[in-house]
1. Given a Förster radius of 35 Å and the C-beta distance between V94 and R345 as r, what FRET efficiency does 1/(1 + (r/R0)^6) yield to the nearest 0.05?
2. For the range 199-265, which trypsin sites (Lys or Arg not before Pro) are in a loop by DSSP, counting at most 14 other Cβ atoms within 10 Å?
3. Pop out the carbon and sulfur fraction of the accessible area of the range 199-246 as a percent, whole number, probe 1.4 Å.
4. Could you give the nm distance between label points at A248 and S111, where each point is 7 Å from its Cα heading toward the beta carbon?
5. With every protein chain left in place, what is the accessible area per residue of the range 103-207 in square angstrom, probe 1.4 Å?
6. Over the range 237-315, give the accessible area per residue in Å² for a 1.4 Å probe, as an integer.
7. Given Cα positions, please report Rg to Rh for the range 294-349, the hydrodynamic radius being the Kirkwood one.
8. Which lysines, if any, have their Cα less than 16 Å from the Cα of K227, not counting same-chain residues under 8 positions apart?
Amino acid sequence: FFLSARYASLRCLRDVYPADARLRRRRCLWLRHGRARAGARRRRGSGACARRRGLRDRYRDHEGIHGLQRHRWPRVCRRRRDVETAPASHAHLVGKRVVGDINLCCWDAASCGTCAVGGARARNHCPKRTVLGILNKDGTYCERLTLPVVNLHAVPDGVSTENAAFAEPLAAAFRIAEQRVVSPKDRVAIIGDGKLGLLIAEVLGRHAASLGEGTPRPVLFGRHAAKMGLLSSAAQVETAFAASALPARAASFDVVVDATGSPTGLDLARSLCRPLGAVVLKSTCAAGADFNTAPFVVDELRVVGSRCGPFPPALELMAAGLDLTPLISATYPLEEAMAAVEKARTKGTLKVQIRVCSDEAAPELDTSS
């Protein structure tokens, strides 16, 4: 690919740890990558969450996890004045608010067997991929970033910027439906009333209703009545306290989704799942050396990892009226990013958003040398 000799400066938050986090000036290179050339996005908002912090805490020594953090963002797609930055087929994105898939695949079908297959396998599992804010690609704690246009999705006009920041985790919730883990008449349980658990409940409740009469409502097991009360009425899920799940509902569910972010959640998921059932893992926690695999073997449980999902249905659901802004606990400007990270550490916090610029149109990019 080709890097332009011109660039723009920007403010960014380098890492998310108090010991080394600070605002810096950083040069941003504009990228052109074959037919799928990347455009520059001026970011409007991002977020600080326990999942992102926890991933870094658990895997901070991983070779690829470094640099600018964060991967959930609504942006305005911009075009450089002196360089064509998008093919004609994607010109409609310029000036639009966009969100984007965090996985940057090579899409080289000639040399990459995974990308040759296409679909979700290529989207999530290209062996040459970089991952925005996670693996060898600086994230969104900054004013501008680059991303291939094939990764971009326009935000519908009726969806607020605050709501659009939930597109990536909502898409991850849709991944469970995309994987076809849930069949008609399956009894489904979701464990965890954090923001991801609530989003999964919104999606799987609607998905169960779409499977036809006879499919029971999913059950969301959580610890906080106030959080579970944030579910929309259209979610069509039951709620229950996790503390009372056992022994009353042991081995009662065909599919159990663990979204707790804790090893104890995996143990509860196993206990709630019937023999020959499926446990879907959305948590990225490390279980430890004393993890007991015997119950999974004895009950012949299927363990299904579930990662990033499709953006179109997520955006369609928000455009249809799903309002996720009640999940926002606080909003901070970029200059107070460290305060936002500390707020995200506070017990009971669901979602903290970082606002980088106003909803006014972003100015043209500085192209001076």
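The values are calculated or read from the model by the stated rules, or taken from the named source; none is laboratory data. Please read all numbers here as calculations on a predicted model, not as lab measurements. In this analysis, Cβ positions are derived from the backbone assuming ideal geometry, glycine residues included, and neighbour counts consider all displayed protein chains. What goes into the accessible areas is simple: the full protein's heavy atoms, side chains included, and nothing from ligands, DNA or RNA. Shrake-Rupley method; radii C 1.70, N 1.55, O 1.52, S 1.80 Å.
1. Using R0 = 35 Å, I get an efficiency of 0.40.
2. Numbers: sites: R206, R223, K227, R249; in loops: R223, R249.
Sparse-neighbourhood loop trypsin sites (Lys or Arg not before Pro): R223.
3. On the way: 1170 of 2240 Å².
For the range 199-246, the apolar C and S fraction of the accessible surface comes to 52 percent.
4. 5.9 nm
5. Details: 3520 Å² over 105 residues.
On a per-residue basis, 34 Å².
6. Numbers: 3680 Å² over 79 residues.
Per-residue accessible area for the range 237-315 comes out at 47 Å².
7. Radius of gyration over Kirkwood radius for the range 294-349 works out to 1.20.
8. Within the straight-line limit of under 16 Å, K227 reaches these lysines: K195, K347, K351.
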